[in-house]
1. Looking at the stretch 606-615, can you tell me whether even one residue there is out of contact with any Asp or Glu (no Cβ under 8 Å at 6 or more places or on another chain), under 24 Å from Leu436 (Cα atoms), among the hydrophobic types (A, V, I, L, M, F, W, C) and assigned to a helix (DSSP H, G or I)?
2. Asp256 is checked against (1) closer than 22 Å to Cys534 by Cα; (2) among the acidic types (Asp, Glu); (3) surrounded by fewer than 21 Cβ atoms within 10 Å (Cβ to Cβ) and fails just one. What number does that condition carry?
3. From the list Phe362, Phe338, Phe354, Phe388, pick out the single residue that is more than 24 Å from His425 (Cα to Cα), hydrophobic (A, V, I, L, M, F, W, C) and in contact with a helix residue (DSSP H, G or I) (Cβ under 7 Å, 6 or more places away or on another chain).
4. From the list Arg46, Arg21, Arg16, which one is closer than 29 Å to Lys126 by Cβ, touching a Leu at 6+ places or on another chain (Cβ under 9 Å) and surrounded by fewer than 19 Cβ atoms within 10 Å (Cβ to Cβ)?
5. Pairs needed: first member in the stretch 303-317, open to solvent by less than 10 Å² (accessible area, probe 1.4 Å); second member anywhere, assigned to a loop (DSSP other than H, G, I, E, B) and among the basic types (Lys, Arg); C-beta distance under 6 Å; at least 6 residues apart or different chains.
6. Looking only at the stretch 376-394, which residues are open to solvent by 50 Å² or more (accessible area, probe 1.4 Å), within 28 Å of the chain's Cα centre (by Cα) and not charged (D, E, K, R)?
7. Would you kindly identify the helices (runs of 4 or more DSSP H) lying entirely within the stretch 436-538 that contain at least 1 residues that are open to solvent by 50 Å² or more (accessible area, probe 1.4 Å) and modelled with pLDDT of 95 or more?
Amino acid sequence: MRYAETGFNLEIDLSRGSIERVATDPKETELYLGGLGTNAKILWDRVPPEVEPFSPDNVLIFGAGLLCGTPATGCNRTIVSTISPQTKLMAFSMMGGFFAPELKYAGYDKIVLSGKSPNLVYLWVKDDKVEIRDASHLHGKGSVETAELLRQELNEPKAQVAAIGLAGENRIFFASIEQGRSSASRGGIGAVMGDKGVKAIVVRGTKDINLAQPPEFLELCNEVLEYIKFRNENPIKGVMPILAGLGSPQEMKVHDEKWHTENFMWGNSRTRRKDFWNDEIAKEWMETMETMRTRLISCFNCPMTCGATISPPGRPTYMMKCFTKLTYTMAAMSDLEFGLGIAQSATEYGLDGFSAPQVMAFALELYEDGILTDKELPDLPEDNEGRFYYLLDMIVKREGIGDVLANGTYWAAKEIGNGAEDYAHNTIKKHEQLPLKLSMLNPIYFLMYATGEKINITQIEGQFPQAPFPKKEHREKFTEDWIQVPDDKFKQYFIDWELRGDNSIPYYPTPEMCCDIVDWQERMHYIDDALGMCAGLSSFPLKPPYHIHNYPKFISTGAGIEMDEEKLTLAAKRYRTLIRAINIRRGMRRKDDAPPANHWKKRFPELEKELLDTYYQYKGWNDQGIPTKESLNELGLDYVSEDFEKRGIYKDNGDTPSKETSADKEV
């Protein structure tokens, strides 16, 4: 008997129209856990670097985390993985809601889509009944609208639906997959779903999930719930409001946006408005949110109400969470009413709420500076809000210059030329980032930005504070009950960290300390993504209920896999390295491990080189960021080192230009 997982994947070949229920190897679960880990193994095995994102041979994987569907609080993430049309590297985006547990209850750990359907279809999964159905009547429908229409059509009000909007159908490089109370947005995975001709996946499950040791597992769950209650009653002092508690950043509850609006950048990630926030704006924005926010909502089996249903006047209700509350507002230099309104349209279209507003702000900056003209933007409205709606429609429909902008700022700038590349300044590995520009280099964040293959800082940072507390006694107090650290040395790192002086950034923490800190934070995110845990209860907040010390117990009592901290750390390192290997095989090298050039005003090239050199050595990578043969073999990834040898990858020293790689060319 398999525990926590079902032991079966659902394989759908859209070209042949075939459906197959495939038993999985329990040994792979032990090595790669589940979710992201086993997704990566499938991508390595089945998608060689010659395969382009919009090839029938690319696969799109919906993987439920190993512990999804169990009573583990907050464990509900679906990890969607493919080759990204935007970065040409492996994309993996997590969505919460109810989809992953429902998939488990239907009897499957993953849905793997391959091939391409000649016509638009949707997938209907109800336990053992699986059908590929015609979706021509859903062409052009919104993602939220599609979900409701399919529930009505199937007479299944409790079915979970993952759908794309028109952006996915038109293969917009930053198209999302929307799913009720969450979305998988980053990397353009919605475009891959659209390219495969799949409008939606509808799942309804009524089966059970088995636990290896139910009483012990439930006891662990109760301990987590008690700790959540304690943390909610005792928020962390001295940090910004969205980091004081647990859960995803509590943007739907927080009205005080002084920190974001005065520290993050407006427009095309250029303008900082230091004195923006005042009492009048605070009152106006609070009234807007209180009027449009109909209720706070949670994902499956979670007490944290991180999301909210938003009902803009005259528009359908949609779900919002996290920083997308502000992305459209700040990109358009507008107000919250505008931002919440246009986000509804963008959600129906199915767009990434981080990339889409930046692409539009990028286009308007090009227009203001004469690189784009009235020829490319005919009948452009006079007001900024009108211009954003105009560009939104043009991009999603791929009309005129919208067809170029639909590929994101990096690729659009290359095609537009005439200096446009200087305006696509806020990308890492061709992917738009948070609109944030800072003064002094932070060595911890330098490494996270440069080497993180999630390519999204909020999915890398976490349990170590973003900055030192001003007073040493406060730092000492913070560490007293800091049980989550993997080693007590992290407490000392924080106690000794100062705002000014010898032990301040950029030279403190030292490169060696930074490696420890970044590796710990990244490790916890990768474990979450294999287990299906919400980062808001583990890897993202300070002092979370899930950590490296209790996770092995959850895996042992839930999945029946003998686990301890050392074995769990090794498993996470194994599939994290495998993801690195997938991207290395697709052409990624040291030159790609870099933050935006203007992310910090004060840069230190020699220190940055030392940081990267030290981190590569720490991770077992060579000076090009390629995992060494020795480190791969230690992880049981001999098949990777053998492939690297055959392809001559170890001969690449970065000095000579190689032939154009997949990561460098456009689809």
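1. yes
2. (1) is the only condition that Asp256 fails.
3. Numbers: Phe362 fails: more than 24 Å from His425 (Cα to Cα); Phe354 fails: more than 24 Å from His425 (Cα to Cα); Phe388 fails: more than 24 Å from His425 (Cα to Cα).
Only one candidate qualifies: Phe338.
4. Selected residue: Arg21, the only one of Arg46, Arg21, Arg16 that is closer than 29 Å to Lys126 by Cβ, touching a Leu at 6+ places or on another chain (Cβ under 9 Å) and surrounded by fewer than 19 Cβ atoms within 10 Å (Cβ to Cβ).
5. Gly307/Arg181
6. Tyr389
7. Result: 472-479, 489-495, 511-531.
Residues are listed down the side, and each one gets a yes or a no for (1) open to solvent by less than 10 Å² (accessible area, probe 1.4 Å); (2) over 23 Å from Glu11 (Cα atoms); (3) touching a helix residue (DSSP H, G or I) at 6+ places or on another chain (Cβ under 7 Å):
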{"residue": "Tyr122", "(1), (2), (3)": "yes, no, yes"}
{"residue": "Gly168", "(1), (2), (3)": "yes, no, yes"}
{"residue": "Glu178", "(1), (2), (3)": "no, no, yes"}
{"residue": "Ala184", "(1), (2), (3)": "yes, no, no"}
{"residue": "Arg204", "(1), (2), (3)": "no, no, yes"}
{"residue": "Lys207", "(1), (2), (3)": "no, no, yes"}
{"residue": "Leu211", "(1), (2), (3)": "no, yes, yes"}
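The values are calculated or read from the model by the stated rules, or taken from the named source; none is laboratory data. The structure displayed is predicted, hence computed values, not measured ones. Counting neighbours? That spans all protein chains shown, and the Cβs are built from the backbone with ideal geometry, glycine included. The accessibility values were calculated without ligands, DNA or RNA, using every heavy atom of the protein model including side chains. Shrake-Rupley method; radii C 1.70, N 1.55, O 1.52, S 1.80 Å.
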